[in-house]
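Student: Here it is: the structure, laid out below.
The values are calculated or read from the model by the stated rules, or taken from the named source; none is laboratory data. The shown structure was predicted, so the numbers you read here are calculated from the model rather than taken from an experiment. Cβ atoms come from the backbone with ideal geometry, glycine included; neighbour counts cover every protein chain shown.
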Amino acid sequence: MEILILFVGSFLAALVSGAAGFGGSLLLLPVATACVGADMAVPVLTIAQLIGNIARMTTGWKQIDWKSVGLFSITSLPLAALGAFGFALLPKDIVTRCIGLALILLVIFKILSKRDLPRSKGTLLVGGAVTGGLSGLCGSGGPIGAAVFLSLDLAPVAYIASEAATATAMHILKTIIYSKLTNMNYRALLIGLTMGLCMIIGTYVAKHFIKKMEKGKFQKYVAVLLWIVGIYMAVCGA
């Protein structure tokens, strides 16, 4: 039953992220934590996100802005590694509270990010550091990374593929670290891979069924839900 919940949750999380533009993996974190435990939730979701980002990256491979990807990765990869080590070494209740706090902060960022970030190397380097640190410790810094790449004024396909390329690199690095420092086994690997496939299907379905939904209103619903979940995890540590 728990595995079924994870797979259905992955599908629904992909629908949410497809409509709201952020929050799919973070929305799935509480479900994964409840089903596989706090020590396995982030590693399992990392594998699932890796699959999804590879798919998005390959669809726009020829349009990737490799220069921006490289600058972003200069800081994102080391901080993602540091965050992953922190996740593996910190007490799990502290990690859970950090995940909850990250949810709250990311919602705040989403609300306050109506102004575009400056288009500069500094934005890529600083944004990469923040995104990488959150990604390693809490599983995702997606909204921040997305805001950074939106500031580059890329074409839609180039934006999606370029942001996915940085996420793919971080997820590969984190998967290696998690496999060495946590008790991630073949069962966790299989669950993560299957969840990734469910997320790909959910993303595809979202394109066909959420076009008529009012995006602004739906984003508010997701933000409120993330806020509630974040407060619960930050306060309860579970």
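Student: Give segment 36-76 a look and list any residue that's β-branched (V, I, T) and part of a helix (DSSP H, G or I), or say none.
Tutor: At the first step, the residues of segment 36-76 found to be β-branched (V, I, T) are 36, 42, 44, 46-47, 51, 54, 58-59, 64, 69, 74-75.
Matches in segment 36-76: V36, V42, V44, T46, I47, I51, I54, T58, T59, V69, I74, T75.
Student: Okay, next question. Do you know which of the residues in segment 145-196 that are farther than 20 Å from S120 by Cβ and of a type in the set (S, T, Y) is modelled with the lowest pLDDT?
Tutor: Out of the qualifying residues, it is T182.
Student: So, in segment 70-96, of the ones that are over 17 Å from the mean Cα position of the chain (by Cα) and touching a residue at least 60 places away in the same chain (Cβ under 8 Å), which residue ends up nearest to L154 (Cα to Cα)?
Tutor: This residue is F85.
Student: Still on this structure, please answer the following. Looking for something of a type in the set (V, I, T) and modelled with pLDDT of 85 or more - is there at least one such residue anywhere in segment 49-64?
Tutor: yes
Student: Okay, next question. Could we say that A169 is farther than 29 Å from L89 by Cβ and either in contact with a strand residue (DSSP E or B) (Cβ under 7 Å, 6 or more places away or on another chain) or assigned to a helix (DSSP H, G or I) (or both) here?
Tutor: Against the criterion (farther than 29 Å from L89 by Cβ and either in contact with a strand residue (DSSP E or B) (Cβ under 7 Å, 6 or more places away or on another chain) or assigned to a helix (DSSP H, G or I) (or both)), A169 does not qualify.
Student: Which numbered condition in (1) under 16 Å from S135 (Cα atoms); (2) among the hydrophobic types (A, V, I, L, M, F, W, C); (3) surrounded by fewer than 17 Cβ atoms within 10 Å (Cβ to Cβ) is the only one that A164 fails?
Tutor: In the conditions (1) under 16 Å from S135 (Cα atoms); (2) among the hydrophobic types (A, V, I, L, M, F, W, C); (3) surrounded by fewer than 17 Cβ atoms within 10 Å (Cβ to Cβ), A164 misses (3) alone.
Student: Right, next: Could we say that T194 is under 14 Å from the mean Cα position of the chain (by Cα) and in contact (Cβ under 8 Å) with a residue 60 or more places away in the chain here?
Tutor: Criteria not met by T194.
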